[in-house]
1. Could you count how many residues in the stretch 215-230 are part of a strand (DSSP E or B) and either of a type in the set (S, T, N, Q) or touching a residue at least 60 places away in the same chain (Cβ under 8 Å) (or both)?
2. If you scan the stretch 176-214, which residues turn out to be among the charged types (D, E, K, R) and either farther than 16 Å from K258 by Cα or in contact (Cβ under 8 Å) with a residue 60 or more places away in the chain (or both)?
3. Being out of contact with any Phe, Trp or Tyr (no Cβ under 7 Å at 6 or more places or on another chain), part of a strand (DSSP E or B) and surrounded by fewer than 17 Cβ atoms within 10 Å (Cβ to Cβ) is the filter here, so list the residues in the stretch 231-247 that pass it.
4. Return only the number of the condition from (1) touching a Ser or Thr at 6+ places or on another chain (Cβ under 9 Å); (2) surrounded by 12 or more Cβ atoms within 10 Å (Cβ to Cβ) that F264 does not satisfy.
5. Just to be sure before I move on: is N204 under 21 Å from Y141 (Cβ atoms), in contact with a strand residue (DSSP E or B) (Cβ under 9 Å, 6 or more places away or on another chain) and of a type outside the set (S, T, Y) in the structure I sent?
6. Tell me, please, whether a residue that is assigned to a loop (DSSP other than H, G, I, E, B) and crowded, with 18+ Cβ neighbours inside 10 Å can be found in the stretch 198-207.
7. Are any residues in the stretch 207-227 at negative phi and either outside the structural domain of N178 (by TED's automatic domain parsing) or small (G, A, S) (or both), and if so, which ones?
8. Among the numbered conditions (1) farther than 14 Å from T234 by Cα; (2) at pLDDT 95 or above, tell me where N178 comes up short.
Amino acid sequence: MYKKSIHTFKLVAGALAVLCSVLIFQLVRNHSVHQEFETKSKLENIALQNQIDEIFGKYDSLKAATDANAYTSRPVIGEDFPKVVFEDDSKVANKINLLKTSIDKDKNEVVFLTNRISFNTKELNKLSFDDKKRANKKVHYLSAVNVNAKGVKILSDLYASSPEKNIQQIRVCFTLENNEFITKGDKNIYIQVVNPKNQIISVNNTSLETGETTLTYSEQVTAYFNQKDTDVCTYVNLEKNKTVKGKYLVNIYADFKKIGSTTFEYN
C-alpha cells in the first residue's frame, strides 16, 4: 500500500514537471517573439518618421521657391509690361462676341414676330367680325357676287353685224352666293340699269310695287336657287334715247332688296 502511494506520487510529479517545462518553454518563446516584434516596430517607426521628415522638407523647399518666384514676378510700378493674350482667351472672346451677335439677332426676330403676330391678330379679328356680319346677312336675303356687265350689239340671222353703231343690249352676269338659310326654289331677280344721266332704262316701263315703295327695273329673270353658288346671266334691252356714252350703273335686286351692283363704261 505504501509502495503504491509512492508510485502514484512519482507519476503526478513527473506530469507536473513536464507541464511546467512546456509552460516555461512557451513563455520563453513568447517573450522572444515579443522582443522581435517590438524591435521590428521601432525600426518601422523610425523609417516612417524619416519619410515624413523628408516629405515636409521637400514641401518647405517648394513653398520657399514658390514664394520667391511670386515675389520676383510682381510688376514694378512705373515699368511698362506688354499684355500677353493667350490663344484660349482669344477663342473665348470670339465666342462671347458671336453669342452677343446671335442674341441681338434673336431679339430683333422676336420684335419682328411680335409685331407681325399683333398685326395678323388684328386682321383676323376684323375678318372674323366681318364674317359674322356676312353670316347674319345671309340669314335674311340673297347675295349677288361677281357682278359684271358689258354692252353688246344684236346680230342678224346671217351673223352679220347690225348697221346700228350703238349697243342695243347690256349682258349682265352674276352669281347668287350659296346660302343654306334660304329655301330652295325659283327666285325672281330684278336688274336695274341706270345710264350716265341717272335715268333708269326700262323699255316696257316695268316696275314692282309694295305699299308706298316702287321699284322700277330694266329686266327680270327667274333663277332656280338650290342653296349653292348659282350663276345667272341675262340681257337687258336698251332704249335708243337713253343710250349715251359714259358710265352705267347696274343694280341687282331680290324683291325690294339690293343684293349686288357693278358699273361699266360705254365709250
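The values are calculated or read from the model by the stated rules, or taken from the named source; none is laboratory data. Being a predicted model, the structure only gives us computed values, none of them experimental. Heads up, the Cβs are rebuilt from the backbone with ideal geometry, glycines too, and the neighbour counts pull from every protein chain shown.
1. Going residue by residue through the stretch 215-230, those that are part of a strand (DSSP E or B) are 215-216, 219-225, 230.
Okay, now just the ones that are also either of a type in the set (S, T, N, Q) or touching a residue at least 60 places away in the same chain (Cβ under 8 Å) (or both), so 216, 220, 222, 225, 230.
Residues in the stretch 215-230 being part of a strand (DSSP E or B) and either of a type in the set (S, T, N, Q) or touching a residue at least 60 places away in the same chain (Cβ under 8 Å) (or both): 5 in total.
2. Result: E180, K184, D186, K187, K197, E212.
3. At the first step, the residues of the stretch 231-247 found to be out of contact with any Phe, Trp or Tyr (no Cβ under 7 Å at 6 or more places or on another chain) are 231, 233-244, 247.
Checking which are part of a strand (DSSP E or B) leaves us with 231, 233-237, 247.
D231, C233, Y235, N237, K247 - these are the residues of the stretch 231-247 that are out of contact with any Phe, Trp or Tyr (no Cβ under 7 Å at 6 or more places or on another chain), part of a strand (DSSP E or B) and surrounded by fewer than 17 Cβ atoms within 10 Å (Cβ to Cβ).
4. Every listed condition holds for F264 apart from (1).
5. Details: under 21 Å from Y141 (Cβ atoms): no; in contact with a strand residue (DSSP E or B) (Cβ under 9 Å, 6 or more places away or on another chain): yes; of a type outside the set (S, T, Y): yes.
Criteria not met by N204.
6. yes
7. Hits for the stretch 207-227 are S207, S218, A223.
8. (2)
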